[in-house]
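Below is one structure, written out as structure tokens; comments come after it.
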Amino acid sequence: MAEATTQSENNTNGIKIPVLQREELILNKRSYHWITERICGVVEGRQPFLWWILFIPSALIALVGVVGGLTYLVSTGVGVWGNTNRVMWGWPIVNFVFWIGIGHAGTLISAILFLTRQNWRTSINRAAEAMTIFAVMCAGIFPAFHVGRVWMAWFLAPIPNSNAIWQNFKSPLLWDVFAVSTYFTVSLIFWFLGMVPDLATIRDRCKPGIRKFMYGIFSLGWRGGNRQWSHYEMAYLLLAALSTPLVLSVHSVVSFDFATSVVPGWHTTIFPPYFVAGAIFGGFAMVLTIMIPARALYGLHDMITMKHIDNMAKIILLTGTIVGYAYLMELFIAFYSGAKYEGAAFLFRIDGPYWWAYYCMMGLNVLSPQIFWFKKCRENLWVVMAVAMCVNIGMWFERFVIIVTTLARMWLPGDWKTYSPSGVDVLTFVGTIGMFLALFLLFLRFLPCINIAEVKWTLKESDAHDEDKKAHPDDGIEVIEAYQYELHENPEGSAREAGIEIEKSTAES
Amino acid sequence: MSTKVRRVYGYLAEFKNASQLYKAAVKVRDAGFKKWDCYTPYPVHGLDDAMGVKRSVLPYFVFFGGLSGVLPAIALAYTTQVGLYPTVVQGKPANIFTTAAFFPVMFELTILFSGFTVLFGLLALMGLPRWNHPIFASKQFARVTDDKFFIAIEARDAKFSAESTKALLAEIGGDNIELVEDDSE
């Protein structure tokens, strides 16, 4: 656990004051140089054996699933997917919504937590943003091929063509094209600009050669002068301010694909907030899924601490509960509105042939995170990993329930079909998982996986007035956390009472 | 090629930590220098005031960048939907009352163009990318992206003089003071 007391060399009076103090973000009083060494070491050193164990299968799965599966699909026809008449969205759109949702946690961490001054984001934002980029890449594959003839996918963009046909700007599907492409582009800009100073760090450590040249190109000639930092910080703030409404809009627009249609089970106003909360929920689970192993693999425990994992677990608990509320509210409104078809749609989800998917969704998304109410569970990495995996699976089932069960029972009984995916469906989806992991492993291999400059900024001595604070008469007084005081100094008495007494005594003196 | 002219870029001095750098920056600013900079491994907050650096003008760029995104979005939506190719689908006619349905595209393009403006505006303001910079001639400067803090005063500053500037840097606590020479020409 964290060393929670602050001590200075000239501890004159040795008064101990129990206070509630923030846990430090970087443990063991690491120096700037240690941080640089540890993060750049990941890129500069040989990769651990486990990296290859993970990378080779991931890359192979990606090759077979995405490249092979899609080649087969293009050469044969989109009919090789299991999409049937009426359930025409099937797995491809389930997978699209699943992947695009995962990206949202990255932007939440990099933008919203930046605007709300949550400094703990600095240790995880780089990897989470990388996750966003790769997840959106995986997501983009599905709608592009789902159009049927992928070589006609350019028709999605409003470009003058010889048929003089223009896209329908009233359609959420077109909004989606704009939302997702903007999201990808702005996320990429955010990720890249955030990385420039860190790429310069690697550049300055490289021996002359091809590596130095490449890192030199991508670090743009960064010098770290304050006249650069000044503009840079402003740019970062602006991008955060732009990305915050953007990320909320993207999954809202995705939910409009459903909500603006006149289909029972989809035509509800709760969809945008429900989708956004679900996206952040699923995204944080994926951040944990990839960060906990990466942390162990490269020994990043002092930078990605239990505090970070605790915070992420709490966000999963919060968003999971919001999602649970949305599920229940959907059911309640279906009942309370008296809309016959709405009610039938939800009864079909619960009691129809897809009941198992509905219970998977409910159990994995709503019940499994509730375990995070207990601190012990948030501190046990196996439990955290297990819940994160539950949420990953549960969120995929959520999209399956929304899309497949609804389309399988539309208005006309003649349209009613039971859907099952084809082998190519499964192959392509598994392929995107491989692609995501392979890209993330390459990211760990070649790019700084933690924001070096920002992590340094969170250290105490990074404050320009640090020395002035040390000159203050209060410095040198040993501060211990209140609950530790209770545990170690005053095991019998209640902490609250002890705190009050001590405060009084110091106030008198 | 045969004659190598070595041009003086300026003085570089190392400082112990952010606090020392901050105090030194105030003194360099008060000494009246204009062409100088503090180099740090991370953004030191408050250094802008200590150096007398004005707030970045980037937000103004981005405002107009955003405008340049929303205007084409409006033009694109109305010319195609009302003018060139009007369709009546989803119970929505193609006229001025359809505006609400165009909001998502307007919003997304505003963000997209603003994002590009941030990127290119920032690069323009920082004067990047560039292949090289005279200050990279200094060996010790490579540690600036790791854990060292520097102040560099350029020779082209009107107040620069070989002796007094060096003395000033020493007086305000600078270590490893180095005359950086540009040997690129």
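The values are calculated or read from the model by the stated rules, or taken from the named source; none is laboratory data. Remember, predicted model here, so these are calculated numbers, not experimental data. Cβ coordinates were reconstructed from backbone atoms using ideal geometry, including for glycine residues, and neighbour counts include every protein chain displayed. Note: areas computed on protein heavy atoms with side chains; ligands, DNA, RNA excluded. Shrake-Rupley method; radii C 1.70, N 1.55, O 1.52, S 1.80 Å.
Estimated from helices alone, the mean residue ellipticity of the protein assembly as shown at 222 nm is -18500 deg cm²/dmol (sum of -39500 (n - 2.57) over DSSP H runs with n ≥ 4, per residue). Diffusion coefficient (Stokes-Einstein, Kirkwood radius over C-alpha pairs, 37 °C, 0.692 mPa s) for region A:397-444: 250 µm²/s, rounded to a whole number.
Taking the Cα atoms only, what angle lies between the long axis of helix B:99-126 and the longest principal axis of chain B, rounded to 10 degrees? Long axis of B:99-126 versus the principal axis of chain B: about 20 degrees.
Per-residue extension of 0.36 nm, minus the Cα-Cα distance of residue A:350 and residue A:88, leaves a gain of 92.1 nm for this segment.
With a ≥ b ≥ c the root eigenvalues of the C-alpha gyration tensor of region A:233-328, is it rounded (a/c under 1.5), prolate (a/b larger than b/c) or oblate? Cα axes put region A:233-328 in the oblate bin. Our coupling estimate for region A:306-312, obtained by passing each phi through the Karplus curve with A = 6.51, B = -1.76, C = 1.60 and θ = phi - 60°, is 4, 5, 5, 5, 4, 4, 5 Hz, Gly and Pro reported as x. Here are some pairs, B:35/B:166; A:456/B:148; A:469/B:27; A:307/A:376; A:207/B:139; which of them have Cα atoms lying more than 18 Å apart in this structure? Going by Cα-Cα distance, A:469/B:27 fall outside the 18 Å limit.
Once the 1.4 Å probe is applied to the protein heavy atoms, region A:381-422 comes out at 41 Å² accessible per residue.
At a 1.4 Å probe, what is the % contribution of carbon and sulfur to the accessible area of region A:407-455?
75
Over all Cα atoms in chain A, the spread is summed up by Rg and Dmax: 25.9, 87 Å. Counting only protein chain heavy atoms and rolling a 1.4 Å probe, the accessible areas of A:340, B:166, B:92 rank, largest first, as A:340, B:166, B:92.
Alpha carbon centre of region A:216-243 versus region A:124-192: separation in Å? Comparing the Cα centres of region A:216-243 and region A:124-192, I get a distance of 27 Å.
Here's how it looks for residue B:8: its modeled amide H is under 5 Å from those of B:182, which are all 5 or more places away or on a different chain. Taking only Cα atoms, what is the 0 to 90° angle, nearest 10, from helix B:162-171's long axis to the longest principal axis of chain B? Once rounded, the angle reads 80 degrees. With the cut-off at under 17 Å, measuring from each backbone N in region A:43-83 to a point 7 Å along the Cα-to-Cβ line of residue A:149 picks out A:73-80.
Return one quarter of the surface area of the convex hull spanned by the alpha-carbon atoms of region A:32-191, equal to its mean projected area, in nm².
The directionally averaged projection comes out at 13.6 nm².
The order of B:164, B:19 by accessible area, most exposed first and with a 1.4 Å probe, is B:164, B:19. Converting phi to 3J(HN,Hα) with the Karplus coefficients 6.51, -1.76 and 1.60 and the offset θ = phi - 60°, region A:386-399 yields 5, 5, 4, 5, 4, 5, 4, 6, x, 5, 5, 5, 4, 5 Hz in sequence order, with x at every glycine or proline.
Annotation: residue B:48 carries an accessible surface of approximately 50 Å², with a 1.4 Å probe and no ligand, DNA or RNA atoms counted. Among rounded, prolate and oblate, which fits region B:61-185 when a ≥ b ≥ c are the square roots of the eigenvalues of its C-alpha gyration tensor, a/c under 1.5 means rounded, and a/b larger than b/c means prolate? The shape class here is prolate.
What does the C-alpha gyration tensor say about the overall shape of region A:328-439? Classify as rounded when a/c is under 1.5, otherwise prolate if a/b is larger than b/c, or oblate. Here region A:328-439 falls in the oblate category.
So how much slack lies between residue B:84 and residue B:139, counting 0.36 nm per residue of separation and subtracting their Cα-Cα distance, in nm?
Result: 13.5 nm gained on full extension.
When the charge dipole of region A:89-221 is built from unit charges on Cβ atoms (+1 for Lys and Arg, -1 for Asp and Glu) and taken about the Cα centre, the candidate among A:199, A:172, A:106 whose Cα reaches farthest toward its positive end is A:199. Per-residue Karplus couplings for region A:338-350, computed as 6.51 cos²θ - 1.76 cosθ + 1.60 with θ equal to phi - 60°, are listed in order as x, 6, 4, 6, 4, x, 5, 4, 6, 4, 5, 4, 7 Hz, Gly and Pro entered as x.
For region B:61-95, accessible area lost to neighbouring protein chains reaches 10 Å² or more, against the chain alone with a 1.4 Å probe, at B:62, B:76, B:77, B:80, B:81, B:84, B:85, B:87, B:89, B:90, B:92. Near residue B:45, the amide H atoms lying under 5 Å from its own belong to A:464; only residues 5 or more places off or on other chains count, and H is placed 1.01 Å from N.
Shown for region A:167-295 is the translational diffusion coefficient from the Stokes-Einstein equation, using the Kirkwood radius over Cα pairs, a temperature of 20 °C and a viscosity of 1.002 mPa s: 121 µm²/s. In percent, rounded to a whole number, the relative contact order of chain A is 33, using alpha-carbon pairs under 8 Å and six or more apart.
The ellipsoid equivalent to the alpha-carbon distribution of region A:102-242 has semi-axes of 35, 19, 15 angstrom, derived from the gyration tensor eigenvalues as √(5λ) and listed largest first. Amide H to amide H under 5 Å from residue B:149: which residues, 5+ apart in sequence or cross-chain, H placed 1.01 Å off N in plane? Here the answer is B:15, since their amide H atoms fall under 5 Å of that of residue B:149. For region B:1-69, the set of trypsin sites (Lys or Arg not before Pro) satisfying both a DSSP loop assignment and a count of at most 15 other C-beta atoms within 10 Å is given as B:4, B:6, B:16, B:34, B:35, B:54, B:55.
Modelled this way, with points 7 Å down the Cα-to-C-beta line, the labels at residue A:207 and residue A:116 are 4.8 nm from one another. Using C-alpha pairs under 8 Å with a sequence gap of at least 6, the mean separation divided by the residue count of region B:30-185 gives a relative contact order of 39 percent. Against the compact-protein benchmark of 2.2 N^0.38 Å, the Cα-based radius of gyration of region A:268-319 scales to 1.38. When the trypsin sites (Lys or Arg not before Pro) in region B:58-149 are filtered for DSSP coil states and for at most 13 other beta-carbon atoms within 10 Å of their beta-carbon, the remaining sites are B:130, B:139. Placing a label point 7 Å from the Cα of residue A:373 along the Cα-to-Cβ direction, no residue of region A:324-344 has a backbone N closer than 13 Å.
In terms of its Cα atoms, region B:1-101 spans 70, 45, 24 Å along the principal axes, sorted from long to short. Each residue, residue A:218 and residue B:27, gets one label point 7 Å from its Cα in the Cβ direction; the gap between the two is 4.1 nm.
For region A:417-461, chymotrypsin sites (Phe, Trp or Tyr not before Pro) are listed when DSSP marks them as loop and at most 14 other Cβ atoms sit within 10 Å of their Cβ; the list is empty.
Normalising the average separation of contacting C-alpha pairs (under 8 angstrom, six or more residues apart) by the number of residues puts the relative contact order of region B:102-184 at 34 percent.
When A:33, A:267 are compared by accessible surface with a 1.4 Å probe, the order from highest to lowest is A:267, A:33.
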